[in-house]
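Coordinate-derived values only; no laboratory data. Predicted model only: the values in this text are computed from it and were never measured. Counting neighbours? That spans all protein chains shown, and the Cβs are built from the backbone with ideal geometry, glycine included.
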Amino acid sequence: NQALADVDPEIAAVLEGELDRQRDTLEMIASENFVPRAVLQAQGSVLTNKYAEGYPGKRYYGGCEQVDIAETLAIARAKELFGAEHANVQPHSGATANAAVLHALINAGDKIMGLSLAHGGHLTHGMKINFSGKLYEVAAYEVDPETFRVDMDRVREKALAERPDVIIGGWSAYPRHLDFEAFRSIADEVGAKLWVDMAHFAGLVAAGLHPSPVPHSDVVSSTVHKTLGGPRSGFILSREELAKKIDSAVFPGQQGGPLMHVIAAKAVSFKIAAGEEFRARQQRTVDGARIIADRLSAPDVAGAGVSVLTGGTDVHLVLVDLRASALDGQQAEDLLHDAGITVNRNAVPFDPRPPRVTSGLRIGTPALATRGFGDAEFTEVADIIATALVAGQGADLEQLRGRVAKLAGDFPLYPGLQQ
Ligand code: PLP
């Protein structure tokens, strides 16, 4: 019964150091969030001890009466939240959820068509050395070179030429809504299944602030830990007729024992996501991203060769185009890091620089909205970022760090929590 600090002081120090880092800096990685205390509690619980291969009521292990309740609640809440006919809440992560989706829908050698990784797609949508690129034939659509948006006429042309078995809607770095109805009609026209990966925008969908892919798709996959703000993990929604295929693709097709502590934490997150406070938070998330996009479109920023891809955002993130800036993506990421703001560099479509350097930044607002930020705070953050990017290597870091510290101090993270 020894405490972590006694058993393993080195790891205890990592936890403490990370809590301090999260408290003292501004987290703006678009795929990150802060889970509520209730989720930390469920996830760090004795449920981690339980083996429960199978599904509620149909397990291959005894003693599953409690975890059956947790998983049944998680399933019911996920279905209710997104209006889905079927939910599988067992995927350990977004990537394993996606592997299971393809396993359920098609056979090795069949063709998939998603947004190119270089244009904002995800590794699991057909990247060459990912399982998706190795097991399946891959075709990819790209954004329009003028507007940087997904143009559904181009998607249709590509689909007619390539005749994929699965069309994938969804992205890791794209600032606009997708037209799910158009995706559905293209999929029907070419006889493909439609799979939407809503990992990034699931929280916005749950809050009714983003069109839902669920009514239009055969399958929808997601993570729980981005805008949705729950534990690091995945889930899959589908039509009833695909339920058996999805379930058997996850277990035994993909995974062994489910992580019951994480599934319990998913149930908690889905419950929270159905509430009014969550909806208000998603609204602040989207409003904050717009405030940042507006500030980064101002003349002083444009004068420094920095612009916003597509000229704005509909979602929780902003893509910054640095192709005409003195800073590359790596330098801009490092500069903001030194000012106390964590973002990630990100390739822009048609990026002339290599993926390790890039000419862009992806800046997201979910974690700060969870921290309590509203319009006033996002206006200040936006100005800190703009000031840093305009000044470049000559930025007054001490002054910027002071502004960051003030915001972080005004919105304490996990007050009272000790690791
Ligand atoms: N799908 C999309 C669209 C993503 O952006 C991500 C993660 O970045 C994933 C899937 C994979 O999720 P995970 O990191 O949990 O495997």
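Computed values, structure above
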quantity: Global form of segment 114-203, assessed from the alpha-carbon gyration tensor, a/c cut-off 1.5; calculated: rounded
quantity: Binned Cα-Cα distances of the chain, short to long, each 10 Å bin given as a whole percent; calculated: 5, 22, 30, 27, 14, 3, 0
quantity: R0 of 35 Å, Cβ-Cβ distance residue 61-residue 331: FRET efficiency to nearest 0.05; calculated: 0.10
quantity: Contour minus Cα-Cα distance for residue 149 and residue 7 (0.36 nm per residue); calculated: 45.9 nm
quantity: Projected label distance in nm at residue 108 and residue 188, using a 7 Å step from Cα toward the beta-carbon; calculated: 3.5
quantity: Cross-link partners of residue 266 among aspartates and glutamates (Cα-Cα below 12 Å; sequence separation of 8 or more within a chain); calculated: 71
quantity: Mean ellipticity per residue at 222 nm, deg cm²/dmol - from DSSP H runs of n ≥ 4 across the chain, formula -39500 (n - 2.57); calculated: -13000 deg cm²/dmol
quantity: Sites residue 376 and residue 241 - FRET efficiency at Förster radius 35 Å, r taken between beta-carbons, to 0.05; calculated: 0.10
quantity: Restraint check, 128/244; 50/79; 79/111; 111/244; 134/158; 193/245, Cα-Cα greater than 18 Å; calculated: 128/244; 50/79; 79/111; 111/244; 134/158
quantity: Normalised contact order of the chain, rounded percent, pairs of Cα under 8 Å and 6 or more residues apart; calculated: 22
quantity: Surface/4 of the Cα convex hull for segment 1-42, nm²; calculated: 4.0
quantity: Cα-based shape type of segment 13-83, given that a ≥ b ≥ c are square roots of the gyration tensor eigenvalues and the cut on a/c is 1.5; calculated: oblate
quantity: Reachable aspartates and glutamates, given that their alpha-carbon falls under 14 Å from the alpha-carbon of residue 226 and they are not under 8 places away in the same chain; calculated: 27, 32, 197
quantity: Label zone at residue 163 (point 7 Å along Cα-to-Cβ), backbone N below 18 Å, segment 119-148; calculated: 137-140
quantity: Between segment 1-55 and segment 247-290, the alpha-carbon center distance in angstrom; calculated: 17
quantity: Reachable aspartates and glutamates from residue 406, criterion Cα separation under 12 angstrom, eight or more residues apart if same chain; calculated: 24, 377, 380
quantity: Neighbour-limited loop hits for trypsin sites (Lys or Arg not before Pro), segment 356-401 (at most 13 other Cβ within 10 Å; DSSP other than H, G, I, E, B); calculated: 356
quantity: At R0 = 30 Å, FRET efficiency that the Cβ-Cβ distance of residue 393 and residue 18 yields, to 0.05; calculated: 0.55
